[in-house]
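**Student:** Here it is: the structure, laid out below.
The values are calculated or read from the model by the stated rules, or taken from the named source; none is laboratory data. What you see is a predicted model, and the numbers here were worked out from it, not measured in a lab. Note that each Cβ is placed from the backbone with ideal geometry, even for glycine, and that neighbours are counted across all protein chains shown. Side chains included, ligands, DNA and RNA excluded: accessible areas come from the protein's heavy atoms. Shrake-Rupley method; radii C 1.70, N 1.55, O 1.52, S 1.80 Å.
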There are 8 protein chains.
Amino acid sequence: MSTPRVGIIMGSDSDLPVMQAAADFLDTQDIAYELTIVSAHRTPERMIDYANSAHERGLQVIIAGAGGAAHLPGMVASLTPLPVIGVPVLSRNSIDGWDSILSILQMPSGIPVATVALDGAKNAGILAARILGSSDKAIQDKMIAYKTELREKVEEKIRKIESQ
Amino acid sequence: MSTPRVGIIMGSDSDLPVMQAAADFLDTQDIAYELTIVSAHRTPERMIDYANSAHERGLQVIIAGAGGAAHLPGMVASLTPLPVIGVPVLSRNSIDGWDSILSILQMPSGIPVATVALDGAKNAGILAARILGSSDKAIQDKMIAYKTELREKVEEKIRKIESQ
Amino acid sequence: MSTPRVGIIMGSDSDLPVMQAAADFLDTQDIAYELTIVSAHRTPERMIDYANSAHERGLQVIIAGAGGAAHLPGMVASLTPLPVIGVPVLSRNSIDGWDSILSILQMPSGIPVATVALDGAKNAGILAARILGSSDKAIQDKMIAYKTELREKVEEKIRKIESQ
Amino acid sequence: MSTPRVGIIMGSDSDLPVMQAAADFLDTQDIAYELTIVSAHRTPERMIDYANSAHERGLQVIIAGAGGAAHLPGMVASLTPLPVIGVPVLSRNSIDGWDSILSILQMPSGIPVATVALDGAKNAGILAARILGSSDKAIQDKMIAYKTELREKVEEKIRKIESQ
Amino acid sequence: MSTPRVGIIMGSDSDLPVMQAAADFLDTQDIAYELTIVSAHRTPERMIDYANSAHERGLQVIIAGAGGAAHLPGMVASLTPLPVIGVPVLSRNSIDGWDSILSILQMPSGIPVATVALDGAKNAGILAARILGSSDKAIQDKMIAYKTELREKVEEKIRKIESQ
Amino acid sequence: MSTPRVGIIMGSDSDLPVMQAAADFLDTQDIAYELTIVSAHRTPERMIDYANSAHERGLQVIIAGAGGAAHLPGMVASLTPLPVIGVPVLSRNSIDGWDSILSILQMPSGIPVATVALDGAKNAGILAARILGSSDKAIQDKMIAYKTELREKVEEKIRKIESQ
Amino acid sequence: MSTPRVGIIMGSDSDLPVMQAAADFLDTQDIAYELTIVSAHRTPERMIDYANSAHERGLQVIIAGAGGAAHLPGMVASLTPLPVIGVPVLSRNSIDGWDSILSILQMPSGIPVATVALDGAKNAGILAARILGSSDKAIQDKMIAYKTELREKVEEKIRKIESQ
Amino acid sequence: MSTPRVGIIMGSDSDLPVMQAAADFLDTQDIAYELTIVSAHRTPERMIDYANSAHERGLQVIIAGAGGAAHLPGMVASLTPLPVIGVPVLSRNSIDGWDSILSILQMPSGIPVATVALDGAKNAGILAARILGSSDKAIQDKMIAYKTELREKVEEKIRKIESQ
């Protein structure tokens, strides 16, 4: 497999069922990625190593998912110069997801996190591809093709619903 | 001026005092951008033209700010293959900003918007620079330098507070 | 079937189980309607065509349902001179419905959407009938009769509960 | 003055500064209206008389504004067969407007209220005009012209911002 | 059965499973009550008759339960001089109960509703008994005894938990 | 002055500007009351003495106001057999009043608090008068007269607004 | 068993399934505790006795869990000089936990409660151990060891996920 | 000055006006503390050094204040074995404080933060003193005396209000 261009990390293996969707999308677009667990609270040193070295290892985008008081995306964003996409995960004992959304979205001036919707890991994968595509014509063309696909799927459903 | 790499758009000129911060940051990093008004609700045709042609005109990232039921970032994201950064603007009659945050953040599967904090236009500018930097070493180096700057400013404040 | 007077549209076929209630009500009142899928984000061109031509094709009211960051009702309202009724749909991964409510309700000055309750598609159908009835005596009389029906159903329940 | 086609009512004279915007818009479109105070809680009998007779007196749409536990729009909607537009007013001691929004929007099945944005009285006026326009070609043409006006105002601002 | 002193009303028979708890408590205290359906939106005339005559028929307290945009408690309070206890009911399609709570609680100056917790019908029954007890020594004594009962039940549980 | 029938208490003298409205209303109705500070958190013993003896000293209703994590109304209600009216006060550092509303309203089964609107001290006074009036014809007649007053004040405003 | 150093109390036995996690953690660290029911609303005298005597009986920390309008942690904190840890419990009829969180967290100046996450009883146990550890080297060493354990468990999961 | 027992840290000097209250309280109790700026996002390495060495340098409690997506308290808690008190600060562009509250409070299992009220820095200072007092009789006695002071201040206000 080629060098990963996207790093997908999450705070806990309980986030994997949600976060897998980011990996799955990148698979369909043949974009190389790596996927692992990095916990801001339980493995802080590992988080720092991961974030500090990410751009040196060739990663171009980091996708970070976490639930509750979700500090992983913001902390990684404070350590790396790469764009970081944050996925708020609806964890057990979450207050309807508000906690993870706000603790990822409301970053202070200087340290942005590109936040996507609650449990929006697939969109995080798409956003990563769009970011790569902004300087990689082949990927951008795939993103254009993907939008056509989306439209055609809806058109198929329209035909079905209108022929009833 | 060189060809703009970032497009900064907003739904209304009342959003300009907030959105200017994105432009100001890009100025400090010598990243060329264009800035204009594109209203999803009042100039829908213009929005479509803008979004459809953005990547052809050389733009690599779009920053879109809007308040209330903020449809501009999401609609532009549905039309362009570029990464779109959404800035929820706290407008008059907003319900504490919840309306613009949720109508930008909670995009359906397939159409991501990279949402930043309420009135977080400066962070949108930084995120755009990080995105460009992910394939442009010179800009990435500037982003690393910028992080050093942030750190040094805090260290300066630490010296002041500790010497009191 | 006669020319449709009401257009019922929704962002996805997953909204159909909710939105069907609008159609069902119009059926009971013999008001002609059309029902289809129009996605603001996946079929933006179709949305524009639909909204631009709606009043020319004889439609008098549009009912638009969508979930999450729900842009369909507002975008259609920005393109048509017709009254647009917005139905916030409680979609999967919604934050308790707040996202769809606020992104439909909080429209900027100039572009109103007549918002009904969360999953309130039946009420959207009734509101469409009331709108038609405001200039069509026959439909208005049906609306008066419908109110009587509602009252009589409650009176029936009162008799049952009081005779226990 | 001609027979009013739109009734604008509000729960208290403290709502007038907000609700006046609905009347002002109708004035610009030469649509006859009446404006008065009808309090669900302080003049319930008057509310019933007003709502029961509205369609007989020639009104075609009712706009009702109220704050806090706002019962006026829903109660009027339960008594009249006309379409009722509800305007949540941000009153003193309101909890950021949530109280008026939810007590107007979340009507039970059978009794719709066409809710607009918080303090959205101007949009209520526009919605009333769109409703009249759905069966009155002259008003519909004005609504089309109004949309053009909105667009042109934005285009004027675009020229200004782009020439800076 | 003796003349009812408490009237228990609700907007719909779907509220009965919740509201029954108020009646059950009054039964245990031998306080006469009546229970029926009164819909603010579907039987407004009946609501007015009920509320206007309540104090003349000997009722001393009214308990009113409703869900969603819950107007029954407030409207009844505007018509009767009696104390009205409002029970916010968590209905289907409610937004986590916020709608019924706020539309019952946030009454305007002049028309109070004594609001209890979400689905708090039993507490409404206890509050009605406390109100009667404030001028009826026999009932007040029962309320004192009831508090003793509550304490003893907890003490029983304490013994159980501490002996484990 | 005659024996107080209503006790008005509050957690802090900073609540007095809000709570005074309850006293003012009772003054207009010639209902004797006492007003003092009782802090659940700073004078817990005093709170217990006050609440335990209230009904023995002739009080028939207690009005308790507090802000933030507002425990006074609920704690007093747990100690007295009297009806307790809770007034959520919007204090400094409150989160828009949600904290005081929820910590007064959401009492557990067995211990009701009659909650009124945020800063609704005047309504608390009216509710206390209605409670007394439920067994005191003279006060009930005053409450009926008060409702007439409210109506007449609105009618006066209607004349003014309609004559413009 | 040695003298308890931590008191774990809860408002009702229905809180036990949540609160047990605090006890379980202390068991694993061999820290002596007592666990019982103390209801602010149903056994106020017992609460006062418990809180007043806690520090005299050798307790060093109190953990108090409660749901809804949760007054136990704050009331106990007002009576004892010990640090009190509050656990908001998601009870039946709670409004998503907001009621217990806000009525525990938003304590007035002078009376702090150390609030942990919704249903966060295990964290309450850990916090109690950290508090004891701040002056007890043996316990602090255990807390350091516990953090290592947490890290090692994550590292184990990392190996599993990366070897897939 | 003696060795600091409490470390007061904050993410930015803009938090100082709020956080100073913690220091002021400790001053009144003659408890030695240190106060400085430690930014999770701008000086992550400094944060790690500070947190890792805190218990070795003799600190027994850490008070950490931060606003918005407030990661400092939780990150410090993940690195130190000491009890960490988190103060949610209402920063500029905060969404009414919800962001800082939830990102401090909703910590995952294993890493507790003792959260106090919004802008509750004084209570953080008191909580720190109570924690020290749990194993230091002299400080505990001061805490008992402080509670007496609070009570006496209220009693003074009672005399004033009752003598009016």
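**Student:** For the stretch D:26-45, which residues satisfy the criterion of being over 17 Å from D:Leu82 (Cα atoms), of a type in the set (D, E, K, R) and in contact with a strand residue (DSSP E or B) (Cβ under 9 Å, 6 or more places away or on another chain)?
**Tutor:** D:Asp27
**Student:** Further question on the same structure: Kindly check whether there is at least one residue in the stretch H:42-56 that is of a type outside the set (Asp, Glu) and in contact (Cβ under 8 Å) with a residue 40 or more places away in the chain. First the steps, then the outcome.
**Tutor:** Of all residues in the stretch H:42-56, those of a type outside the set (Asp, Glu) come to H:42-44, H:46-48, H:50-55.
Keeping just the survivors that are in contact (Cβ under 8 Å) with a residue 40 or more places away in the chain gives H:50, H:54.
Yes, that holds for at least one residue.
**Student:** Let me ask something else about it. Which residue out of C:Ala124, C:Ala138, C:Ala114 is at pLDDT 95 or above, open to solvent by less than 20 Å² (accessible area, probe 1.4 Å) and more than 20 Å from B:Gly68 (Cβ to Cβ)?
**Tutor:** On the way: C:Ala138 fails: open to solvent by less than 20 Å² (accessible area, probe 1.4 Å); C:Ala114 fails: more than 20 Å from B:Gly68 (Cβ to Cβ).
Exactly one residue qualifies, and that residue is C:Ala124.
**Student:** Which residue is farthest from G:Gly11 (Cα to Cα), if the candidates are limited to the stretch E:125-138 and must be within 7 Å of another protein chain (Cβ to nearest Cβ) and touching a residue at least 24 places away in the same chain (Cβ under 8 Å)?
**Tutor:** Filtering first and then ranking leaves E:Ile131.
**Student:** Please tell me if C:Thr43 is away from chain B (no Cβ under 13 Å), among the β-branched types (Val, Ile, Thr) and surrounded by fewer than 23 Cβ atoms within 10 Å (Cβ to Cβ). Before the answer, list the steps.
**Tutor:** Working: away from chain B (no Cβ under 13 Å): no; among the β-branched types (Val, Ile, Thr): yes; surrounded by fewer than 23 Cβ atoms within 10 Å (Cβ to Cβ): yes.
When the stated conditions are applied, C:Thr43 does not pass them.
**Student:** OK, next. Tell me, which residue of the stretch F:13-25 that is out of contact with any strand residue (DSSP E or B) (no Cβ under 7 Å at 6 or more places or on another chain) and either under 22 Å from G:Gly74 (Cβ atoms) or polar (S, T, N, Q) (or both) is most open to solvent (accessible area, probe 1.4 Å)? Walk me through it before giving the result.
**Tutor:** Here is the first cut: in the stretch F:13-25, the residues out of contact with any strand residue (DSSP E or B) (no Cβ under 7 Å at 6 or more places or on another chain) are F:14, F:17, F:20-21, F:24-25.
From what's left, either under 22 Å from G:Gly74 (Cβ atoms) or polar (S, T, N, Q) (or both): F:14, F:20.
Values: F:Ser14: 84, F:Gln20: 67 Å².
That would be F:Ser14.
**Student:** Since H:Leu118 meets every condition but one in (1) within 8 Å of another protein chain (Cβ to nearest Cβ); (2) in a helix (DSSP H, G or I), which condition does it not meet?
**Tutor:** (2)
**Student:** If you don't mind, there's one more thing I want to ask. Looking at this structure, is H:Ser109 open to solvent by 20 Å² or more (accessible area, probe 1.4 Å), without any contact (Cβ under 8 Å) to a residue 24 or more places away in the chain and out of contact with any strand residue (DSSP E or B) (no Cβ under 9 Å at 6 or more places or on another chain)?
**Tutor:** Yes, satisfied.
**Student:** On the basis of being touching a Pro at 6+ places or on another chain (Cβ under 6 Å), in contact (Cβ under 8 Å) with a residue 12 or more places away in the chain and farther than 28 Å from A:Ser12 by Cα, does G:Gly86 make the cut?
**Tutor:** Details: touching a Pro at 6+ places or on another chain (Cβ under 6 Å): yes; in contact (Cβ under 8 Å) with a residue 12 or more places away in the chain: yes; farther than 28 Å from A:Ser12 by Cα: no.
Judged against the criteria, G:Gly86 is not a match.
**Student:** Quick one: which of F:Lys147, F:Lys137 is more than 29 Å from G:Ser100 (Cβ to Cβ) and over 20 Å from the mean Cα position of the chain (by Cα)? Let's see the steps before the verdict.
**Tutor:** Numbers: F:Lys147 fails: over 20 Å from the mean Cα position of the chain (by Cα).
From the options F:Lys147, F:Lys137, the qualifying one is F:Lys137.
**Student:** What pairs come out if I take residues in the stretch F:139-158 that are at the interface with another protein chain (Cβ under 9 Å from one of its Cβ atoms) and pair them with residues that are in a helix (DSSP H, G or I) and among the β-branched types (Val, Ile, Thr) whose C-beta lies under 8 Å away, six or more apart or interchain?
**Tutor:** F:Met143/F:Ile126; F:Tyr146/F:Ile126
**Student:** Moving on. Out of H:Ala54, H:Ala64, I need the residue that is farther than 27 Å from A:Val89 by Cα and either open to solvent by less than 10 Å² (accessible area, probe 1.4 Å) or not aromatic (Phe, Trp, Tyr) (or both). Which one? Can you show your working first?
**Tutor:** Working: H:Ala64 fails: farther than 27 Å from A:Val89 by Cα.
Going through H:Ala54, H:Ala64 in turn, just one is farther than 27 Å from A:Val89 by Cα and either open to solvent by less than 10 Å² (accessible area, probe 1.4 Å) or not aromatic (Phe, Trp, Tyr) (or both): H:Ala54.
**Student:** Looking at C:Ile48, C:Ile95, which one is touching a Leu at 6+ places or on another chain (Cβ under 7 Å), among the β-branched types (Val, Ile, Thr), over 26 Å from D:Pro88 (Cα atoms) and surrounded by fewer than 24 Cβ atoms within 10 Å (Cβ to Cβ)?
**Tutor:** Values: C:Ile95 fails: over 26 Å from D:Pro88 (Cα atoms).
The match here is C:Ile48.
**Student:** How many residues are β-branched (Val, Ile, Thr), farther than 11 Å from C:Leu118 by Cα and more than 9 Å from chain B (Cβ to nearest Cβ) when one looks only at the stretch C:89-99? Give the steps one after another, and end with the answer.
**Tutor:** Step one: list which residues in the stretch C:89-99 are β-branched (Val, Ile, Thr), which gives C:89, C:95.
Among the residues that remain, those that are also farther than 11 Å from C:Leu118 by Cα are: C:95.
Imposing the further condition that a residue be more than 9 Å from chain B (Cβ to nearest Cβ) reduces the set to none.
Count: 0.
**Student:** Where residues in the stretch D:29-52 are within 15 Å of the chain's Cα centre (by Cα) and of a type outside the set (A, V, I, L, M, F, W, C), which of them is farthest from D:Val113 (Cα to Cα)?
**Tutor:** So the residue we want is D:Gln29.
**Student:** Continuing with this model, one more query. If only one of G:Thr80, G:Thr28, G:Thr36 is of a type in the set (S, T, N, Q) and more than 24 Å from F:Ser78 (Cα to Cα), which one is it?
**Tutor:** G:Thr28
**Student:** Here's a follow-up. Which condition does A:Ile63 not pass, out of (1) out of contact with any Ser or Thr (no Cβ under 7 Å at 6 or more places or on another chain); (2) over 17 Å from A:Ala117 (Cβ atoms); (3) within 13 Å of chain B (Cβ to nearest Cβ), if it passes all the others?
**Tutor:** (2)
**Student:** I would also like to ask the following. Out of H:Leu102, H:Leu72, H:Leu82, I need the residue that is away from chain A (no Cβ under 13 Å), in contact with a Gly (Cβ under 9 Å, 6 or more places away or on another chain) and open to solvent by less than 10 Å² (accessible area, probe 1.4 Å). Which one?
**Tutor:** Values: H:Leu102 fails: away from chain A (no Cβ under 13 Å); H:Leu72 fails: away from chain A (no Cβ under 13 Å).
Only one candidate qualifies: H:Leu82.
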